[in-house]
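**Q** Before anything else, here's the structure in question.
The values are calculated or read from the model by the stated rules, or taken from the named source; none is laboratory data. Just so we're clear, the structure is a prediction, and the values are computed from it rather than from any experiment. Cβ placement follows ideal geometry from the backbone for every residue including glycine, while neighbour counts extend to all protein chains displayed. Accessible surface is based on the protein model in full, side chains and every heavy atom, while ligands, DNA and RNA are left aside. Shrake-Rupley method; radii C 1.70, N 1.55, O 1.52, S 1.80 Å.
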Amino acid sequence: MINILTTHWSDFVHGFGITLLSSIIALIISMILGTGFAILEIVPNKLVNTIAHIYIQIFRNIPLLVVTMFFYVVVTQFVKMSGLVAGTIGLALYTSAFIAETVRAGILAVDKGQTEGARANGLTYWQTMRIIVLPQAFKIVIPPLGNQFINLVKNSSILAFVAGFDLMYQGNEIASTTFDTIDTYVVVGLFYLVITLPLSYYMRYLENKLA
Amino acid sequence: MPVRKYKLFGLVTFLMLMLLTLSACGNETALTKQNEYDKVNTSKQMVWGVKADTRLFGLMNIKTGKIEGFDVDMAKEITKRIDPKAKPVFVQVTSQTRIPLLKNGNIQAIIATMTGTPERAKIVDFSKPYFNAGQSLLVVKGSKIKDVNDLNHKGVTVLGTVGSNSVINIKKVAPKAHVLQLQDYAQALTALKSGQGDALTTDNGILYGMSEQNPTTRVVGGTFTKEPYSVAIDKNQAELKNAINKAIAAIHKDGTYDRLVKKWFSNVPGFNWRTLLND
Amino acid sequence: MQEFLNAYTSINLIFLLKGLWITIEVSLISGALSFVIGSFLGVIRYAKFPVISMVVGFIVDILRNLPLLLIIFFTYFGLPNFGIRLNIMTSAIAALTVFEAAMIAEIVRSGIISVPIGQTEGARANGLTGAQTMWHIILPQAYKRMIPPLVSQLISLIKDTSLATIIVLPELTYHAQIIYGQNNSYMIPMFLAIAVMYFIVNYCLSLVGTWFGRRGNKTA
């Protein structure tokens, strides 16, 4: 196992970097989209609510692999993009639906009296949302958002299906050239755990602190 | 918080130890393998790893759910000659999964468009070759790529499948090209047609199968390597290996081989199937 | 358009439905198994037995933090080294069960924590043992609260089954790939078809989950 790690160190590190990069970019995009759709789902406009609801339900109920493959083999016929880009877009859209649900729950958890008070003091709907509600909502949803990021890192292994050069892809390549299957995947697993395990303990610590 | 840190450290150490023992145990038990030749005779079945996405060699028939192709027919003939009462059982494999499955005993033999390379021969045994294949290129019609020399430029992307020998070859022949490895041939062909790469490389027989089904693609440049296919079995299975070699020789001798080659390759446009018969 | 409709021959649709059936079969079996195992692990972790709870906690945390793809590889390629030889179907079920059981263990643990501590104290004061309290008082209340997260876990499970295409499990996504791999003009129709199939199954499940969630809130 140590042998695999030392001989393929640069491949592992390269894959690790791609996994991390893709996860972070997907997180940023999905945070923006997710927050946007969370707000659209609660604004006082039935049509907008329905559109947001449909978007969220579509991405919540279809497998990530299907979403990603769709971008990789169908969308690329019209817009050229690499597997890494297609995979990251798929990851971002998929995750945005879950983040939308999380943020919406956070917004609804903010005390209604706060909104009423702000509106009574002359703030518009959007001002109230931006200044009063969202900052509090984000505080509430930090632990679940952290868990979404952990999911994102794990889910980024989907890039292996679209030749995205991530950790899992490198692992597959190393395993199939060295034939040292189990050892290679143990190393790959350790690399994932380096990101996800400390993060999940930190999120649990935050949850306990907030509770 | 020192207690927390200590706990985390303990956890990581525990994990490492667990994984080390896990991989150590794995290697030890792998040595005690049974005689697969005897197993074919007693269980009256022989478990083969075959492709399910490769036209002409091993392809799923959507109507019947059965896998059909040259490799599958060869497996049936070989099984029949090892033990007339034994039934061939087919497990679907990809280039990536076939060797681990053979090593861990899920399948007894691989007949899945597999070339017996020296690297692979270190961990599995190969029978005598049963099919003369050579690596070639598939491109979309109208492509500027005429042969393998056109690939060795920056910005050229070549598609292949994870774990296939052709990917290793192309990295040697065209080191400047960018290589993408997909899960199986269906994915790789889809990627070629959706413009993810400039050429798809694998063995000529497989490529002709693809171009037959997809008139917008064509095989170019002839073969640039020799990739004869063999049956792979696990190490230390000399009896099974000898039985397979004997069966392949018999298949050649009694005319079955010519019949199978004609059945699968005589109707493929652009492919001179008669060259397969001259060893 | 004509080409689009040509993709939906009865042969192709039957092939897809066979795949959907495998998806559902694998999901239901591993769902049931992981519910039992996950509940057990969740209770052990909550109970804080010395050493045992710690070890179970570690294992659950490790499994929860690994990509499912890796766990699928480990069961399919690794388990046979220990003399456990599984076919594609059973190793997919084993991998999904192990992964989802770890997820459910966490759901169960937080479900138990959410039951007010007064319930435990009351039951113990009335002379019930720890195990009796857990079985008769805490778990029934905890499960009522856990129905919505458990249903969304089942939806995840159905979606996750598609990852087993990597070991060639003949489920819905793999069957779609086989069809469009043989005729590329069927690609978009096939994606549409499987997206609709997954959506219908999962959306119906999520409606059931919300319904139970509402009912749970009313009685609570």
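**Q** Give me the dipole magnitude in Debye, nearest 20, for the range A:74-159 about the Cα centre, with unit charges on the beta carbon: positive for Lys and Arg, negative for Asp and Glu. Spell out each step's value before the answer.
**A** Values: 7 positive and 3 negative charges, 23 e Å.
Charge dipole, the range A:74-159, about its Cα centre: 120 debye, nearest 20.
**Q** Kirkwood Rh, Cα Rg: Rg to Rh for the range A:91-187? Don't skip to the answer; put the middle values down first.
**A** On the way: Rg = 21.2 Å, Rh = 16.4 Å.
Reported Rg/Rh, Kirkwood definition of Rh: 1.29.
**Q** Which whole-number value in Å³ per residue fits the convex hull of the alpha carbons of the protein assembly as shown? Walk me through the numbers on the way to the answer.
**A** Working: hull volume 131.7 nm³, N = 710.
Hull volume normalised by residue count: 185 Å³.
**Q** Shifting gears a bit: For the range A:1-101, state which chymotrypsin sites (Phe, Trp or Tyr not before Pro) are in a DSSP loop and have at most 14 other beta carbons lying within 10 Å of their beta carbon.
**A** Numbers: sites: A:W9, A:F12, A:F16, A:F37, A:Y55, A:F59, A:F70, A:F71, A:Y72, A:F78, A:Y94, A:F98; in loops: A:F78.
Answer by residue number: A:F78.
**Q** Please list the non-local residues whose amide H lies under 5 Å from the amide H of B:T54, H modeled 1.01 Å from N, same-chain partners needing a gap of 5 or more.
**A** Distant-sequence amide H within range of B:T54: B:L59, B:M60.
**Q** Among residues other than B:L189 whose Cβ falls under 11 Å from its Cβ, what is the net charge (Lys/Arg +1, Asp/Glu -1)?
**A** Details: positive: B:R55, B:K193; negative: B:D53, B:D184.
That sum, taken over residues with Cβ under 11 Å, equals 0.
**Q** Using a probe radius of 1.4 Å on protein heavy atoms only, what is the accessible area buried between chains C and B, both sides summed, to the nearest 100 Å²?
**A** Numbers: alone 12530 and 14960 Å², together 24530 Å².
Summed over both sides, the interface buries about 3000 Å².
**Q** Could you list, bin by bin from short to long, the percent of Cα-Cα pairs of the range B:135-220 in 5 Å steps?
**A** P(r) for the range B:135-220, in whole percents per bin: 3, 17, 31, 30, 16, 3, 0.
**Q** Using a 1.4 Å probe and counting only protein heavy atoms, how much accessible surface gets buried when A and C come together, both sides summed, in Å² to the nearest 100? It would help to have the intermediate numbers written out before the result.
**A** Details: alone 11440 and 12530 Å², together 20890 Å².
By this definition, chains A and C bury close to 3100 Å².
**Q** Another one. Charges only on Cβ, +1 for Lys and Arg, -1 for Asp and Glu: so what's the dipole of chain A about the Cα centre, in debye to the nearest 20? It would help to have the intermediate numbers written out before the result.
**A** Numbers: 11 positive and 10 negative charges, 165 e Å.
Magnitude of the dipole: close to 800 debye.
**Q** Let me ask something else about it. Return the equivalent ellipsoid semi-axes of chain B as a descending list in whole Å, where each equals the square root of 5 times an eigenvalue of the C-alpha gyration tensor.
**A** Details: eigenvalues 230, 179, 50 Å².
They are 34, 30, 16 Å, listed from largest to smallest.
**Q** Ordered by packing density, taken as the mean number of other Cβ atoms within 10 Å over each peptide's residues, highest first, how do B:235-245, A:127-137 rank?
**A** Numbers: B:235-245: 18.1, A:127-137: 16.0.
Ranked from most to least packed, the peptides come out as B:235-245, A:127-137.
**Q** Separate question: Can you tell which of A:L33, A:L64, A:T128 lies farthest toward the positive end of the dipole of chain A, using +1 and -1 charges on the Cβ of basic and acidic side chains (Lys, Arg; Asp, Glu)?
**A** In chain A, that residue is A:T128.
**Q** Among DSSP bridges having both ends in the protein assembly as shown, what percentage is antiparallel? Round to the nearest 5. List each step's numbers first, then the result.
**A** Numbers: 18 of 33 bridges.
Close to 55 percent.
**Q** What size of dipole, in debye to the nearest 20, comes out for the range C:2-219 about its Cα centre when the only charges are +1 on Lys and Arg C-beta atoms and -1 on Asp and Glu C-beta atoms? Display every interim value, and only then the final one.
**A** Values: 13 positive and 8 negative charges, 143 e Å.
Around 680 debye, computed over the range C:2-219.
**Q** Can I ask one more? Please compute one quarter of the surface area of the Cα convex hull for the range C:2-219 and express it in square nanometres. All intermediate terms of the calculation are to be shown ahead of the outcome.
**A** Numbers: hull surface 59.1 nm².
Over every viewing direction, the Cα hull of the range C:2-219 projects on average to 14.8 nm².
**Q** Which of B:I233, B:A247, B:A174 sits closest to the plus end of the dipole of the range B:154-279, meaning its Cα is farthest towards the positive end, when Lys and Arg get +1 and Asp and Glu get -1 on the C-beta?
**A** B:A174
**Q** Moving on to the next point. Residues of A:166-176, mean number of Cβ from any other protein chain within 10 Å of their own Cβ, rounded to a whole number?
**A** What the average comes to for A:166-176 is 4.
**Q** Follow-up. Quick one: among B:G134, B:G69, B:G195, which has the greatest mean-square fluctuation in a GNM of chain B with alpha-carbon springs under 10 angstrom?
**A** B:G195
**Q** Using C-alpha positions alone, give me the convex hull volume of the range A:128-181 per residue in cubic angstrom. Intermediate results must be reported in sequence, preceding the final value.
**A** Values: hull volume 4.8 nm³, N = 54.
Dividing the Cα hull volume of the range A:128-181 by its residues yields 89 Å³.
**Q** Calculate the all-directions average of the projected area of the range A:2-210's alpha-carbon convex hull, and give it in nm². Could you put the intermediate results ahead of the total?
**A** Working: hull surface 55.9 nm².
One quarter of the hull surface, i.e. the mean projection, equals 14.0 nm².
**Q** Now for a different question. Summarise the accessible area of chain C (1.4 Å probe, protein heavy atoms) by the percent that is carbon and sulfur. Please report the intermediate quantities before stating the final value.
**A** Working: 6830 of 9620 Å².
On chain C, the fraction of accessible area on carbon and sulfur atoms equals 71 percent.
**Q** Under the definition of partner shielding as Cβ atoms of other protein chains within 10 Å of a residue Cβ, what is the mean value for peptide B:99-107? Numbers along the way, then the final one.
**A** Numbers: counts 5, 13, 7, 0, 6, 12, 4, 9, 0.
Counting Cβ atoms of other protein chains within 10 Å of each residue's Cβ and averaging gives 6.
**Q** Which positions within the range A:186-211 get 30 Å² or more of their accessible surface covered by the other protein chains, compared to the chain by itself, with a 1.4 angstrom probe?
**A** Correct list: A:V186, A:L190, A:L193, A:L197, A:Y201, A:R204, A:Y205.
**Q** Take the alpha-carbon positions of the range C:147-218, form their convex hull, and give its projected area averaged over all directions (one quarter of the hull surface) in nm².
**A** Values: hull surface 19.9 nm².
That works out to 5.0 nm².
**Q** Leaving out ligands and nucleic acids, and using a 1.4 Å probe, what accessible area per residue does the protein assembly as shown come to in Å²? Show your work: numbers first, answer last.
**A** On the way: 30710 Å² over 710 residues.
Using a 1.4 Å probe on heavy atoms only, each residue of the protein assembly as shown averages 43 Å².
**Q** Tell me which trypsin sites (Lys or Arg not before Pro) from the range A:9-114 have a DSSP coil assignment and no more than 13 other beta carbons within 10 Å of their own. Write out the running numbers ahead of the final one.
**A** Working: sites: A:K46, A:R60, A:K80, A:R104, A:K112; in loops: A:K80.
Sites meeting the loop and neighbour criteria: A:K80.
**Q** Now for a different question. Mind checking which of B:G163, B:N152, B:F131 is farthest towards the positive end of the range B:125-165's charge dipole, using Cβ charges of +1 (Lys, Arg) and -1 (Asp, Glu) about the Cα centre?
**A** Final value for the positive-end residue is B:N152.
**Q** Right, next: Could you tell me what percent of the accessible area of the range B:135-220 is made up of carbon and sulfur, with a 1.4 Å probe and every protein chain present?
**A** Details: 1470 of 2920 Å².
Accessible surface attributable to carbon and sulfur in the range B:135-220 totals 50 percent.
**Q** Name the lysines eligible as straight-distance cross-link partners of A:K112: C-alpha to C-alpha under 29 Å, and not fewer than 8 places from it in the same chain.
**A** A:K46, A:K139, A:K209, C:K144, C:K218
**Q** Now a separate question. If you consider only alpha-carbon coordinates, what radius of gyration and Dmax does the range B:71-163 have, in Å?
**A** Here Rg and the maximum Cα pair distance are 17.4, 56 Å.
**Q** Quick one: divide the alpha-carbon radius of gyration of the range B:94-138 by 2.2 N^0.38 Å and tell me what you get.
**A** Numbers: Rg = 11.4 Å, N = 45, 2.2 N^0.38 = 9.3 Å.
The reported ratio for this selection is 1.22.
**Q** Moving on. Ranked highest first by the average count of other Cβ atoms within 10 Å around their residues, in what order do B:106-118, B:252-264 fall?
**A** On the way: B:106-118: 23.5, B:252-264: 14.8.
So the peptides B:106-118, B:252-264, ranked by packing, come out B:106-118, B:252-264.
**Q** From the gyration tensor of the Cα coordinates in the range A:25-121, what semi-axes in whole Å does the equivalent ellipsoid have, largest first, with each one equal to sqrt(5λ)?
**A** Calculated on Cα positions only, the semi-axes equal 32, 13, 11 Å.
**Q** Moving on. Evaluate peptide A:77-90: per residue, the Cβ atoms of other protein chains within 10 Å of its Cβ; return the mean as an integer.
**A** 2
**Q** Have a look at the DSSP beta bridges in the range B:135-220 and tell me what percent are antiparallel, nearest 5. Can you show the working numbers first?
**A** Working: 8 of 15 bridges.
Counting only bridges with both partners in the range B:135-220, antiparallel ones make up about 55 percent.
**Q** To continue, here is another question. Which aspartates and glutamates have a Cα lying under 16 Å from the Cα of C:K48, excluding residues fewer than 8 positions away in the same chain?
**A** C:K48 reaches C:D61, C:E106.
**Q** Sticking with this one: Once R0 is set to 56 Å, what does the formula 1/(1 + (r/R0)^6) return for the Cβ-Cβ distance between B:H153 and C:R85, expressed as a FRET efficiency to the nearest 0.05? Show your work: numbers first, answer last.
**A** Working: r = 47 Å, r/R0 = 0.85.
My answer for the efficiency is 0.75.
**Q** What whole-number value in cubic angstrom gives the convex hull volume per residue for the C-alpha atoms of the range B:208-253?
**A** Expressed per residue, the convex hull around the Cα atoms of the range B:208-253 is 137 Å³.
**Q** What ³J(HN,Hα) values, in whole Hz, does the Karplus curve 6.51 cos²θ - 1.76 cosθ + 1.60 give for the range A:193-210 when θ = phi - 60°, with x put for Gly and Pro?
**A** Result, ordered by residue: 5, 4, 7, 6, 5, x, 4, 5, 5, 5, 5, 5, 4, 4, 4, 5, 5, 6 Hz.
**Q** Moving to a separate point now. If we count every other residue with Cβ under 12 angstrom of C:S114's Cβ, Lys/Arg +1 and Asp/Glu -1, where does the sum land? Intermediate values should be presented prior to the final figure.
**A** Values: positive: C:R109, C:K144, C:R145; negative: none.
Taking every Cβ under 12 Å from that of C:S114, the sum is +3.
**Q** Given a 1.4 Å probe and no ligands, DNA or RNA in the count, how much accessible surface is buried by B and A, both sides, to the nearest 100 Å²?
**A** Buried area between the two chains comes out at roughly 2500 Å².
**Q** Pull up all non-local amide H partners of B:K87: gap of 5 or more, or a different chain, and H-to-H distance under 5 Å with H placed in the peptide plane.
**A** So B:K87 has HN proximity to B:Q45, B:M46.
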